[in-house]
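Heads up: the structure comes next, in structure tokens.
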Amino acid sequence: MAREGTIGVLNALDVAKTQWYHFTAIVIAGMGFFTDAYDLFCISLVTKLLGRIYYTDITKSRPGVLPANVQAAVTGVALCGTLAGQLFFGWLGDKMGRKRVYGLTLMIMVVSSIASGLSFGNSPKSVMATLCFFRFWLGFGIGGDYPLSATIMSEYANKKTRGAFIAAVFAMQGFGILGGGIVALIVSASFDHKYNVPSYQEDPAASMVLPAFDYVWRIILMFGALPAALTYYWRMKMPETARYTALVAKNAKQAASDMSKVLQVELEAEEEKVEKILESENQQFGLFSKQFASRHGMHLLGTTTTWFLLDIAFYSQNLFQKDIFSAIGWIPPAKEMNAIHEVYKIARAQTLIALCSTVPGYWFTVAFIDYMGRFAIQLMGFFFMTVFMFALALPYDHWTKKDNRFGFVAMYALTFFFANFGPNATTFVVPAEIFPARLRSTCHGISAAAGKAGAIVGAFGFLYASQSKDPAKTDPGYPTGIGVRNSLIMLGVINFLGMVFTFLVPESKGKSLEELSGETEEDGVEAIEAAGSRTVPV
């Protein structure tokens, strides 16, 4: 039964049974996220190869690696672009509409993904510079996909299964990470079968075939454009969401017409009711107003801090996975492999982690989020991430012994499982639910950008922090760090802080978007306070 003040078309969406259009929206938005994850994480599969191709001196005992500043730039520049894109396209999605901006972000991703693989130049410096340039713009497009995909899915979904639908879009990130590993395995295995070259230790000059091996990283990077390009047509055919059309664009007639086609039922426009709601005090305040601060300020603080802390841990783990695998012996020393074997072994390790923990974690969230609630899953995820990080770090010497290596990998995989069956999914879901329609995409973009700021801290900071304390064991060009063990302890502390800040995040399970934001409620301070109090987790 609709509450008084609820607009009929929005209520129809809230109570609609799960239909084919829900799954269509998940696939269309999800393929964008497949590309996002593929493009962001595949770079960690090829950085060792880039070092060998462009920075190897065959008179040295070890193959070349990217200099510290180049490694940081190649790894982190897409994250910087993503942060900028989240803020810009989040704001633009509220100004121009979700659909109009949605196709633009996809085209930027497709073009930049292809351009990254075509990075050109006659010197290592020029190739790395053009690669960084294109990966920044790739990140910029990816950034736009975060607030727009989340907002579109939340505004299309019914309130009973909204969490599962938004989480399912985000869960495609797991398949993107897995897809990157599989593509790298296929490409590296194909080149290895054709060239079959010796290890660097056996013959430095023969361990790498140029220009043939230069195509390997380019093919891996460019492949990410394919799934996004395939969904462009269907993304453009999606109608604008009814909540944007009615509550922001102020066109109740168009909203009713669009959703009548989607839901295949007759819906009344209710223009007078919409007009009355839009004239109310609840529809007037902006992002930087006292009213927003009193109603949603603590919520925005909660969504930004938890996403920031989560991404420090999540991205540093993903990006220095290969270093951890080397430390425990899953990946042999670089000199004992040729260039292609190194890509293959890094990809194999990351694919196994994705298959066994990352992907299942996402889908556990999809299955349980509308039963357990966002708050419980996020708190549980941060708790177990903290526990497993300290369990890895404190007896670290024990885990590095040969007999215990698989135990280390199992516990490391569990931290990923609870990241994804936990805050990595919920930090994406909640900001798309709790803010008013006219600020929803902007606030999700701000929350996501805080996350990417954390990712930048994780990606840049832990490249240096995870270096050995022994100068003889550091990668060339890097200063000594605090070591893997102390880095893991730091990540454990960060995860604990995430658990603490989760108490600022509201529970949104089973409530309509308008009930959560209070934007269709009666005017007045009491109404604002009442709407805010309903979202405090119990």
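Of the peptides 225-234, 179-188, the order by per-residue mean of other Cβ atoms within 10 Å, starting with the highest, comes out as 179-188, 225-234. Taking 194, 60 and ordering them by how much accessible surface each has at a 1.4 Å probe, largest first, produces 194, 60. Spatial offset of segment 143-160 relative to segment 85-113 amounts to 13 Å, using the alpha carbon center of each.
Between residue 257 and residue 123, residue separation times 0.36 nm minus the direct Cα-Cα distance comes to 42.5 nm. Couplings 3J(HN,Hα) of segment 75-92, computed from phi: 6, x, 5, 5, 5, 4, x, 4, 4, 4, x, 4, 5, 5, 6, x, 5, 5 Hz, in residue order, whole Hz [Karplus 6.51 cos²θ - 1.76 cosθ + 1.60, θ = phi - 60°; x for Gly and Pro]. The ratio of the alpha-carbon radius of gyration of segment 329-400 to the globular-protein estimate 2.2 N^0.38 Å is 1.53. Placing a label point 7 Å from the Cα of residue 470 along the Cα-to-Cβ direction, the residues of segment 382-396 with a backbone N closer than 19 Å are 395-396. One decimal place: the segment residue 500-residue 195 gains 104.5 nm when fully extended, by the rule 0.36 nm per residue minus the C-alpha distance. Residue-normalised convex hull volume from the C-alpha trace of segment 63-169: 115 Å³ per residue. For segment 44-97, the Cα-based Rg and Dmax, in that order, read 17.7, 58 Å.
Classification of segment 122-190 by its C-alpha gyration tensor yields an oblate form. The axis ratio a/c (a ≥ b ≥ c) is 1.5 or more, and b/c is at least a/b. Relative to the longest principal axis of the C-alpha atoms of the chain, give the angle of the C-alpha long axis of helix 43-55, reported between 0 and 90° and rounded to the nearest 10°. The answer is roughly 40 degrees. Rounded if a/c is under 1.5, else prolate if a/b is larger than b/c, else oblate: which is segment 445-515, with a ≥ b ≥ c the root eigenvalues of its Cα gyration tensor? The shape class here is prolate. Give me the log10 of I(q) over I(0) for segment 368-511 at q = 0.12, 0.18 Å⁻¹, as the Debye formula computes it from C-alpha points; what are the numbers? These q points yield log10 I(q)/I(0) values of -0.60, -1.08. If R0 equals 41 Å, the separation of the Cβ atoms of residue 62 and residue 298 corresponds to a calculated FRET efficiency of about 0.20. Percent of Cα pairs in segment 401-451 per distance bin of 10 Å, from zero to the largest separation: 23, 31, 21, 15, 8, 2. The loop-placed chymotrypsin sites (Phe, Trp or Tyr not before Pro) in segment 80-188, going by DSSP, that have at most 12 neighbouring Cβ atoms within 10 Å of their Cβ come out as 120. Distant-in-sequence amide contacts of residue 66, defined by a placed amide H-H separation under 5 Å and a gap of 5 or more residues or a different chain, comprise 51.
As a rough guide to protection, the peptides 291-298, 440-447 ranked by mean Cβ packing within 10 Å, highest first, stand as 440-447, 291-298. Between the C-alpha center of segment 195-246 and that of segment 39-75 there is a gap of 18 Å. Scoring 359-369, 400-410 by mean Cβ neighbours within 10 Å over their residues and listing the highest first yields 359-369, 400-410.
The value obtained for the chain, namely the Cα convex hull volume divided by the number of residues, is 132 Å³ per residue. Against the chain, whose longest principal axis comes from its Cα atoms, helix 483-501 is set at around 10 degrees.
Run the helix sum for the chain: -39,500 (n - 2.57) per DSSP H stretch of 4+ residues, divided by residue count, reported at 222 nm to the nearest 500 deg cm²/dmol. Taking each H run of at least 4 residues, the total per residue is -23000 deg cm²/dmol. Against the criterion of solvent-accessible heavy-atom surface with a 1.4 angstrom probe, 65, 216 sort, most first, into 65, 216. Shape index of segment 1-132: Rg/Rh, with Rg the Cα radius of gyration and Rh the Kirkwood radius from the inverse mean 1/r over Cα pairs, equals 1.18. What part of the accessible area of the chain, given as a whole %, is carbon or sulfur when the probe is 1.4 angstrom? Carbon plus sulfur share of accessible area: 65 percent. From the C-alpha coordinates alone, can you work out the Kirkwood hydrodynamic radius of segment 190-304, in Å? Result for segment 190-304, one decimal place: 20.4 Å. Taking amide H as placed 1.01 Å from N in the peptide plane, the amide H of residue 268 sits under 5 Å from none that are at least 5 places away or on another chain. In segment 1-77, the ratio of gyration radius to Kirkwood radius, Rg to Rh, stands at 1.44 when only Cα atoms are counted. Fully extending the segment from residue 230 to residue 133 would add 32.5 nm, taking 0.36 nm per residue of separation and subtracting the current Cα-Cα distance. Suppose R0 equals 30 Å; then what is the FRET efficiency for residue 290 and residue 100 from their Cβ-Cβ distance, rounded to the nearest 0.05? My answer for the efficiency is 0.45. Each residue of segment 199-214 is assigned a 3J(HN,Hα), and the resulting list reads 6, 4, 4, 6, 7, x, 5, 7, 6, 9, 9, 10, x, 4, 5, 5 Hz, derived from the Karplus form 6.51 cos²θ - 1.76 cosθ + 1.60 (θ = phi - 60°), x at Gly and Pro.
The simple spin-label model puts a point 7 Å past each Cα toward its Cβ; for residue 405 and residue 265 those points are separated by 5.9 nm.
Per residue, segment 427-513 exposes 31 Å² of solvent-accessible protein surface, assessed with a 1.4 angstrom probe and all protein chains in place.
The values are calculated or read from the model by the stated rules, or taken from the named source; none is laboratory data. Here the structure is a predicted model, which is why all the values come from computation and not from measurement. Virtual Cβ from ideal backbone geometry, glycine too; neighbours counted across all protein chains shown. Please note that ligands, DNA and RNA were not included when accessible areas were found on the heavy atoms of the full protein model with its side chains. Shrake-Rupley method; radii C 1.70, N 1.55, O 1.52, S 1.80 Å.
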